[in-house]
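Nothing in this text is a laboratory measurement; each read-out follows from the coordinates by a stated rule. Keep in mind that this is a model prediction, so the values were computed, not measured. Glycine gets a Cβ as well: all are built from the backbone with ideal geometry, and neighbour counts include every protein chain shown.
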Amino acid sequence: MAFDVEKYLSHLDGYDMTHQQKVDFINALQEFAQMFVDAAWDFDPNNPTHVCIQKCAEELKDERSRQNQTGPERA
């Protein structure tokens, strides 16, 4: 499936970025998200990116679990 960058450009209106910078930013976000999807469906324990993503996901899960046990933090 082709990724349509133009569909998301309006989300960056108001940022001091050139059109090309916006396109590059959206493409980078899409590639980052795709890495998570790829890692979820085809985890390779020898791939450092997959290992890092798995570690981050586990840390977030643990943090959310601790927050749920103690309740929301108050400022």
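Reachable aspartates and glutamates from LYS61, Cα under 12 Å, same-chain residues fewer than 8 places away excluded? Result set, ordered by chain and number: empty. Distance between the modelled labels on GLN30 and ASP16, one decimal in nanometres: 2.8 nm (7 Å Cα→Cβ projection).
So for each of 27-35, 58-66 I average, over its residues, the number of other beta carbons within 10 Å; can you give me the resulting order with the highest mean first?
Details: 27-35: 11.4, 58-66: 9.9.
Sorting 27-35, 58-66 by mean packing, highest first, produces 27-35, 58-66.
The residue list VAL23, VAL5, SER65 was ranked by how far each Cα lies along the charge dipole of the chain toward its positive end, using unit charges on Cβ atoms, and SER65 comes out on top. For the chain, the longest principal axis of the alpha carbon atoms and the long axis of helix 48-70 meet at an angle near 60°. Against the main long axis of the alpha-carbon atoms of the chain, helix 19-41 sits at an angle near 40°.
So how strong a dipole does the chain carry about its Cα centre when Lys and Arg Cβ are +1 and Asp and Glu Cβ are -1, to the nearest 20 debye? Write down the numbers at each step before the final one.
Working: 7 positive and 14 negative charges, 68 e Å.
The dipole of the chain has a size of about 320 debye.
If a/c stays under 1.5 just call it rounded; otherwise compare a/b with b/c (prolate if a/b is bigger, oblate if not). Do that for the chain, with a ≥ b ≥ c from the square roots of the Cα gyration tensor eigenvalues. Oblate, because a/c is 1.5 or more while a/b does not exceed b/c.
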